[in-house]
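Asker: Could you have a look at this structure, given as structure tokens, before my questions?
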Amino acid sequence: MPTITTTPVTTPTESPSTAPWRETYTSPDEICPQQHRELASPDVEP
Amino acid sequence: MPYYPYDMYGEDVGGEGAIYGSHHQSAPDATPIMTPDGWRAARCSELTNIGRLRPVVGRRERALVWVMEPVIKSREAAPILTGLAESGLPLASMTYGTLMDLCRMDGDLHDLLGAIDLRINLGGIDPTRFTVSERGRIMYGVTAAKDPELHYGLQDLGWSIGHELAKACEAFSDPDVWYPGVDEGIAPVPDEHVELVIAATQRELDRELRRSRPSAPLSELPKRIQRAFAERRRALYQTWGIGTTQWKQNKWSLWDVKDDPSWLPPWLS
């Protein structure tokens, strides 16, 4: 009886580095709800 | 309960929700716009902070409300306020109009508001030394160390930069989004500085507690968007009177904030 071999089937997935960023932000509270004054990064020259 | 990192901002005037937003953020309500005349008539003891959605008009006026607690009630201000009280002008009964008029006059109050710390909450580190000029010194990810933040009086500047970042991130879903940079009025921003600004901004996004959700990968924004954000950031700092000199000295002045009594934040327009 012939030997039947099967190859595992893998579902292609997008790697994190290639998947498009899907979040959208309509306000700063969604992207940065807490640290607005830190988000300005005042340790970096304007 | 809303997240209030500082007790002195624990009370939200106007019932509009958390100052810092997040999941407790209320929708913009029907609170009437506080006009410059309304602001001048408001008592200092009653208007002690401005929630992000509260429509109070005036860039410098809003900043004065924000500096009330940390500066006006600081140790340095105590003898000044004592002198005012003794001459019949106690802060508790003062209106913002009276306070602003007093502050505008040459004197101790004027000088106090002319040299306010720019970077704060550095855990004892000399803020004039706490600067980053190289991308390699930016530490990504959540760290135990607290990064410096703008002074409380610059809350609107912080919100404005966040507002710009949210707009810049529209490019993730629409790479052709209209988001121009700033061609005039600011010194040119070198490519290296654009990278530094993006890296520092990413640092803060990574530190945000968003229930383990990843932060937006700013380096994946189109290069023109990254540059536009960095240029707009520089222009915003300049609007609040902060350039390289002020940044190096770690001081900002209420009197250098661009005076615009009709200014309403863009997120409320």
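Asker: On average, how much area does the Cα convex hull of the stretch B:217-265 cover when viewed from any direction, in nm²?
Answerer: 4.8
Asker: Which cross-chain or sequence-distant (5 or more) residues have an amide H under 5 Å from the amide H of B:V56, H modelled 1.01 Å from N in plane?
Answerer: B:M34
Asker: Now a separate question. B:D183: net charge of surrounding residues, Cβ under 14 Å, Lys/Arg +1, Asp/Glu -1, itself excluded?
Answerer: Neighbourhood net charge equals +2.
Asker: Calculate, in whole percent, how much of the Cα-Cα pair population of the stretch B:134-269 lies beyond 21 Å.
Answerer: 46
Asker: If we count every other residue with Cβ under 11 angstrom of B:G241's Cβ, Lys/Arg +1 and Asp/Glu -1, where does the sum land?
Answerer: Taking every other residue near B:G241 into account, the sum is +2.
Asker: Which whole-Hz ³J(HN,Hα) couplings does the stretch B:239-247 yield from phi under the Karplus relation 6.51 cos²θ - 1.76 cosθ + 1.60, θ = phi - 60°, glycine and proline marked x?
Answerer: 4, 8, x, 10, x, 4, 4, 5, 5
Asker: Only counting other Cβ atoms within 10 Å, I'd like B:R213, B:R233 sorted with the fewest neighbours first.
Answerer: Fewest-to-most ranking of B:R213, B:R233: B:R213, B:R233.
Asker: Averaged across the residues of B:154-166, what count of C-beta atoms belonging to other chains lies within 10 Å of each residue's C-beta?
Answerer: 6
Asker: Here's another thing I want to ask about it. Could you pull out every residue, at least 5 positions away or on a different chain, whose amide H is within less than 5 Å of the one on B:K251? Hs are placed 1.01 Å off N in the peptide plane, and Pro or chain starts have none.
Answerer: Close amide H contacts, sequence-distant or interchain: B:L118.
Asker: Convert each backbone phi in the stretch B:151-166 into a coupling constant with the Karplus relation 6.51 cos²θ - 1.76 cosθ + 1.60 (shift: θ = phi - 60°), then list the ³J(HN,Hα) values in order as whole Hz, x for Gly and Pro.
Answerer: Rounded to whole hertz, the list is 4, 4, x, 9, 4, 5, 5, x, 4, 5, 5, x, 4, 5, 5, 4.
Asker: Starting with the fewest neighbours, write out B:T82, B:T201 ranked by other beta-carbon atoms found within 10 Å of each beta-carbon.
Answerer: B:T82, B:T201
Bear in mind that the values in this text are calculations on the coordinates, not laboratory data. This one's a predicted model, so the numbers in the text were calculated from it and none came from an experiment. In this analysis, Cβ positions are derived from the backbone assuming ideal geometry, glycine residues included, and neighbour counts consider all displayed protein chains.
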